[in-house]
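One structure is given here, and the rest of the page talks about it.
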Amino acid sequence: MILAGSVNPSEHGWPFAEGAGQVVTQHHWKTMAQTWQSNGVAGMPYTGTPSAGNTGLTGVRASETVVTVQPGHATINGFYYELTTPKDFSLDITGLDFADDGTGRLMRRDLVVLKVDEVLGEFRLVQIKNGVTNASGSWQVVLNDPTTEIPLFQVDVQQDIGVDRIVDRRWFLSQSIRPLRFEEPGFEPAPADGELGVDATGSRLVIGKAGQWISAREVFTNDIPPEITTRLDGHDTSLTGHGTRLDTLDGSVSALQTNVSEINTTMSNGQLMRDLTFTLENTANWNLNSPAGATLISNAYVFDRYLHVTIGMQRLLTDFAPMAWGATPIVLMKNIVLPAGAEFRNNYPYPAVVSLPTVTTAGTNTTAWITATQTDGMPSFVLKACPSGIKVNGFLHATFSMPLIGDWA
């Protein structure tokens, strides 16, 4: 029997005004607060330079040896950190552990972390030399003590010179999920970027973006059916003729002789087909237009919420020398502008199918891929190829398809 006012060693609650729970130690606070929030910085991850209002605990180069940390908030293991004014942090740029970055410069990639010291009862900034490394074959941060530290930013240090570049490497706090009614527009609270909400009326997940609640399906790729994201890399493909389309995504691609104009009649009625604008990139010794006696197709269009691109090009004047894998590709087609509201999934590798017809001899290591860029706020695409060993007057043909997302008509 436990008497009033006594302490049960296996059952304890706090804080209370009276009784055993009125004494709250550092251990109690840490145990309690760790259940509220994960370790990280208050903010939202962005690609590139953080936007205004999202610079908490980022670094700005002040000199060759000093980085200024911007005001912000963070939590580690239930302990809370607040920086209200910019703080200068001096770096140690000495040492012998520098390496050539491929351009002849001797560089070192250091990491600045925020560390909680429970013994001393303080937070402090710590520089970890060579804290950003690809020794395991992929880039990663290497912490001295992952249980008490979170990364803030990478500092590239050039030997005998100092700070060359600063890269945001923050880990972020989790966001709570806010229940919303959406009975009438304008009455819901403005969200923080990345904040999650549940539309109880419409039974959907929403997320904060640029101060507005938007459907999570426009942000999260896991809402896209798995069959849409199936890669084409493993298909045994055969391209014949110059007007091509993909007949199937789950088997060999054969007999691709259908002209682009025929696609509109073979697909389901009522679906959308729309030609897109694009620009051909005329690189030296390449002909991207139709030469005499050849039928080369350069086309970009949207059909049934897929982007389809097909292109043919002819090598002129000189042979194209064999290329090692990973060589700099050449641009074939650029500025493929999507319809307003359409979006692409820029975290997914889009495959391309490429053929070298029999007229092209000694063709090896031929591949093609697509890279996504932003131009004046509008999504556009650039198609690049890395051909090898194509002889004079030989042809290169490429085609690819990929899903589009977003609210557009």
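The values are calculated or read from the model by the stated rules, or taken from the named source; none is laboratory data. Just so it is clear, the model here is predicted, and its values are computed rather than measured. Don't worry about glycine lacking a Cβ; one is built from the backbone with ideal geometry, like all the others, and counts go over all protein chains shown.
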All but one of (1) over 24 Å from THR148 (Cβ atoms); (2) free of Cβ contacts under 8 Å to residues at least 24 places away in the same chain hold for LEU106; which doesn't? (2)
Just one of the numbered conditions (1) without any contact (Cβ under 8 Å) to a residue 60 or more places away in the chain; (2) exposed (fewer than 12 other Cβ atoms within 10 Å of the Cβ); (3) out of contact with any Pro (no Cβ under 7 Å at 6 or more places or on another chain); (4) under 30 Å from TRP29 (Cβ atoms) is not true of PRO146; which one? (2)
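Return yes or no: is ASP117 surrounded by fewer than 15 Cβ atoms within 10 Å (Cβ to Cβ) and not hydrophobic (A, V, I, L, M, F, W, C)? It would help to see each step written out before you state the result.
Values: surrounded by fewer than 15 Cβ atoms within 10 Å (Cβ to Cβ): yes; not hydrophobic (A, V, I, L, M, F, W, C): yes.
When the stated conditions are applied, ASP117 passes them.
If only one of GLY56, GLY72, GLY78 is in contact with a His (Cβ under 7 Å, 6 or more places away or on another chain), surrounded by 13 or more Cβ atoms within 10 Å (Cβ to Cβ) and in the same structural domain as ASP145 (by TED's automatic domain parsing), which one is it? Show your work before the answer.
Working: GLY72 fails: in contact with a His (Cβ under 7 Å, 6 or more places away or on another chain); GLY78 fails: in contact with a His (Cβ under 7 Å, 6 or more places away or on another chain).
Unique residue meeting the criteria: GLY56.
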Flag if VAL112 is under 26 Å from the mean Cα position of the chain (by Cα), surrounded by 14 or more Cβ atoms within 10 Å (Cβ to Cβ) and under 30 Å from TRP29 (Cα atoms): yes
Looking for whichever is modelled with pLDDT of 90 or more and either of a type outside the set (D, E, K, R) or under 26 Å from ILE161 (Cβ atoms) (or both) here; the options are ASP88, ASP117. Which one fits? ASP88
Being in contact (Cβ under 8 Å) with a residue 60 or more places away in the chain, farther than 17 Å from ALA340 by Cβ and not polar (S, T, N, Q) is the filter here; which residues of region 299-317 pass it? TYR306, HIS308, VAL309, ILE311, GLY312, MET313, ARG315, LEU316, LEU317
Residue by residue through region 119-143, note down the ones that are closer than 20 Å to THR94 by Cβ, free of Cβ contacts under 8 Å to residues at least 24 places away in the same chain and in a loop (DSSP other than H, G, I, E, B). GLY131
